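Novice: First, the structure itself, so that you have it in front of you.
The values are calculated or read from the model by the stated rules, or taken from the named source; none is laboratory data. Everything numeric in this text was worked out from a predicted model, so none of it was measured. As a convention, Cβ positions derive from the backbone with ideal geometry for all residues, glycine included, and neighbour counts pool all protein chains shown. These area figures cover heavy atoms from the full protein model, side chains too; ligands, DNA and RNA do not enter into them. Shrake-Rupley method; radii C 1.70, N 1.55, O 1.52, S 1.80 Å.
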Amino acid sequence: MFIFKNGKVTVAPKGVSYSHLEWFEKEGWVDRANSIAFLEENTRGFFISSQNALYFYKGVGFYFDNQLIEQVKNMIGDLQRELGLSGDTRILAGPKKKVITGKEYPQKYLGTIRELTA
């Protein structure tokens with residue numbers, strides 16, 4: 001898991017099984033009063049090694065827009081370095097699963113790291 005916080009990439013400890021929100025609580029970044037606002041304000045995501053794919057989104061609704069896509073493109077070098085990603089890692093906006101608890105979420109393939117940095 002990762003988050004863009006204060007203009008930089010922060011990566012969760014390796015091998016953890018908890019959610020982004022649980023990670024943020026453990027770090028002391030969120031509590032019940034500010035958790036939704038925090039999720040709305042900060043880009044987060046994760047890398048799935050078996051798919052060689054990195055997913056990112058924002059908010060409770062796992063949304064993305066052109067501004068968020070540009071942010072990720074600008075931070076792709078930092079993500080690659082911090083997560084040890086290869087140039088052929090696929091980058092996707094939106095959640096891993098298109099349907100979560102009966103609701104369908106958009107997903108967009110942006111290309112590989114190599115394609116986005118060319």
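Novice: What's the extension gain from Asn6 to Thr117 if we count 0.36 nm per residue and subtract their Cα-Cα distance?
Specialist: Stretched out fully, the Asn6 to Thr117 stretch lengthens by 37.7 nm.
Novice: Something else now. Report, please, the projected area of region 19-63 averaged over directions, based on the convex hull of its C-alpha atoms, in nm².
Specialist: Hull-based average projected area comes out at 3.4 nm².
Novice: Cα to Cα, under 20 Å, and not fewer than 8 places away if on the same chain: which lysines meet these conditions relative to Lys103?
Specialist: List returned: Lys58.
Novice: When we measure straight from the Cα of Lys73, which aspartates and glutamates land under 20 angstrom away, once same-chain ones fewer than 8 places off are left out?
Specialist: Hits, sequence-local ones excluded: Glu40, Glu41, Asp65, Glu82, Asp88, Glu115.
Novice: Might you tell me the accessible area per residue for the chain, computed with a 1.4 Å probe and given in Å²? Intermediate results must be reported in sequence, preceding the final value.
Specialist: On the way: 6860 Å² over 118 residues.
With the other protein chains kept in place, the chain gives 58 Å² per residue.
Novice: Separate question: Which trypsin sites (Lys or Arg not before Pro) from region 78-111 combine a DSSP loop assignment with at most 12 other Cβ atoms within 10 Å? Walk me through the numbers before you get to the answer.
Specialist: Details: sites: Arg81, Arg90, Lys96, Lys97, Lys98, Lys103, Lys108; in loops: Lys96, Lys97, Lys98.
Passing both the DSSP loop test and the Cβ count: Lys97, Lys98.
Novice: Related question: What does the charge count around Leu92 come to, taking other residues whose C-beta lies under 11 Å from its C-beta (Lys +1, Arg +1, Asp -1, Glu -1)?
Specialist: Working: positive: Arg90, Lys96, Lys98, Lys108; negative: none.
Result for the local shell: +4.
Novice: When the Cα centres of region 93-118 and region 1-70 are compared, how far apart do they sit, in Å?
Specialist: One Cα centre to the other: 14 Å.
Novice: Only sites in a loop by DSSP and with at most 10 other Cβ atoms within 10 Å count here; which chymotrypsin sites (Phe, Trp or Tyr not before Pro) in region 1-31 make the cut? Write out the running numbers ahead of the final one.
Specialist: Numbers: sites: Phe2, Phe4, Tyr18, Trp23, Phe24, Trp29; in loops: Tyr18, Trp29.
Filter output for region 1-31: empty list.
Novice: Now, a different point. Charges only on Cβ, +1 for Lys and Arg, -1 for Asp and Glu: so what's the dipole of the chain about the Cα centre, in debye to the nearest 20?
Specialist: Values: 16 positive and 13 negative charges, 57 e Å.
The calculation lands at about 280 debye.
Novice: For a label point 7 Å from the Cα of Lys108 along Cα→C-beta, name the residues of region 60-77 whose backbone N is under 15 Å from it.
Specialist: Only 62-74 pass the distance filter.
Novice: Are there any trypsin sites (Lys or Arg not before Pro) in region 15-69 that are in a DSSP loop and have at most 10 other Cβ atoms within 10 Å? List them by number. Let's see the in-between values first.
Specialist: Values: sites: Lys26, Arg32, Arg44, Lys58; in loops: Arg32.
For trypsin sites (Lys or Arg not before Pro) across region 15-69 that sit outside H, G, I, E and B with at most 10 neighbouring Cβ atoms in 10 Å, the list reads Arg32.
Novice: Express the relative contact order of the chain as a whole percentage, based on alpha carbon pairs under 8 Å and six or more residues apart in sequence. Intermediate values should be presented prior to the final figure.
Specialist: Values: 160 pairs, mean separation 25.1, N = 118.
Relative contact order of the chain: 21 percent.
Novice: From the list (i) 15.6, 50; (ii) 13.7, 42; (iii) 14.5, 50, can you say which value of Rg and Dmax of the Cα atoms in Å was derived from the structure given?
Specialist: (ii)
Novice: Set Lys and Arg Cβ to +1 and Asp and Glu Cβ to -1, take the dipole of the chain about its Cα centre, and tell me which of Ile69, Gly7, Ala33 lies farthest positive.
Specialist: Result: Ile69.
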